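Working notes, beginning with the structure itself.
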Amino acid sequence: MPKIDVIIPIKEKSQRIKNKNFKTFNGEPLFCNILKKINKLSIIDNIYLNTDCKNKIEKNLNFISKKIKFIERDKSLLRHDISVNLIIESSLKYIKDNSIILMTHVTNPNLSKKTIKKSIDTYFNISKGNKYDSLFSVNRYQNRFYDHHLNPLNHSRKKLIQTQDLKPMFEENSLIYIFSKKSFYKNKSRIGSKPYLFVTNKNESTDIDDKEDWDIAKKLSI
C-alpha cells in the first residue's frame, strides 16, 4: 500500500477565537491533538505543516517526530479570505508526484486515529477502479431542510413523511480530504470530480470555528 503525505495548515492568528490553534484543549495545545494521532499511523510518511509560525509550533510541540516538515507560508496567502485550495497548491511542490495526500485541520480535536485509518483504507478500496478520484468527510442528515428562500430542499410541506424516510442530505465537515496530486491539478480542488462521501460520526465531527464549537468539542472530547 502506498504511503500517505499529510498537509495541515496552521496559522498564528485566528478570527473568532484568539490564539485558537495554540489554546489549551484537554491539557495540551489544540494543534497537538490531531498531530499526535496522525503521527502514530505507520502508513503516514510525512506531515507537512503549512504555516507562518514555525518557531511557535516548535516551542509548543509536546512530542518529537521526524515525520513533521515545515512549509513556510507565503505572505500573499495569509489573508483570512484565502482559499484553502491555494494553500494546498503551494504545498504540493514539496510532495512527490505519486503521493496520496490527506488533508485535515487542527480544529478537529475529536477526530480519532481509528477514523483516520478507516478513511485511508476506504480511499484505497474505492480508488481501485475509475469511479472515484477523491474522498471527503461529511455529516449525514435526514431532517427537513430549506434554502434561504424557504423552499423545501428534500421534502414536501404537503406530504410530511417520516424523517427517516427522507432522502439524506450531506454536509462537508472539514475533517478529512484524501486525493492524489493528479486529481488536485486536474480539478484545482481537494475535492475531485468524482468524490466519495465518507460519513463520520457526530461525536468526532465538531470543527472548531467559534466559542460554541469549542465548548461542544470539549464536552464530546474522546
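The values are calculated or read from the model by the stated rules, or taken from the named source; none is laboratory data. All of these numbers come straight from a predicted model, not from anything done at the bench. Here Cβ is always computed from backbone atoms with ideal geometry, including for glycine, and neighbour counts include all displayed protein chains. Calculation scope for accessible area: heavy atoms of the full protein, side chains included, ligands and nucleic acids excluded. Shrake-Rupley method; radii C 1.70, N 1.55, O 1.52, S 1.80 Å.
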message: Any residue that is at pLDDT 95 or above, β-branched (Val, Ile, Thr) and in contact with a helix residue (DSSP H, G or I) (Cβ under 8 Å, 6 or more places away or on another chain) - is there at least one of those in the stretch 111-125?
response: yes
query: Which of the residues that make up the stretch 50-107 are open to solvent by 70 Å² or more (accessible area, probe 1.4 Å), among the aliphatic types (A, V, I, L, M) and in contact with a helix residue (DSSP H, G or I) (Cβ under 9 Å, 6 or more places away or on another chain)?
result: LEU86
- request: Among what's in the stretch 24-42 and is open to solvent by 30 Å² or more (accessible area, probe 1.4 Å) and touching a residue at least 60 places away in the same chain (Cβ under 8 Å), pick the residue that is farthest from SER119 (Cα to Cα).
  value: ASN26
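Quick one: count up the residues across the stretch 166-222 that are in contact with a Gly (Cβ under 9 Å, 6 or more places away or on another chain) and either aliphatic (A, V, I, L, M) or surrounded by 14 or more Cβ atoms within 10 Å (Cβ to Cβ) (or both). Working first, answer last.
Narrowing the stretch 166-222 to residues in contact with a Gly (Cβ under 9 Å, 6 or more places away or on another chain): 179-180, 183-184, 186.
Checking which are either aliphatic (A, V, I, L, M) or surrounded by 14 or more Cβ atoms within 10 Å (Cβ to Cβ) (or both) leaves us with 179-180, 183-184.
Number satisfying all stated conditions: 4.
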query: Is there any pair linking a residue in the stretch 11-22 that is closer than 14 Å to ILE82 by Cβ to one that is modelled with pLDDT under 90, with Cβ under 8 Å and at least six apart or on different chains, and which?
result: GLN15/HIS80
- line: Going through the stretch 127-146 in order, the residues found to be at pLDDT below 95 and either within 23 Å of PRO9 (Cβ to Cβ) or open to solvent by less than 50 Å² (accessible area, probe 1.4 Å) (or both) are SER127, GLY129
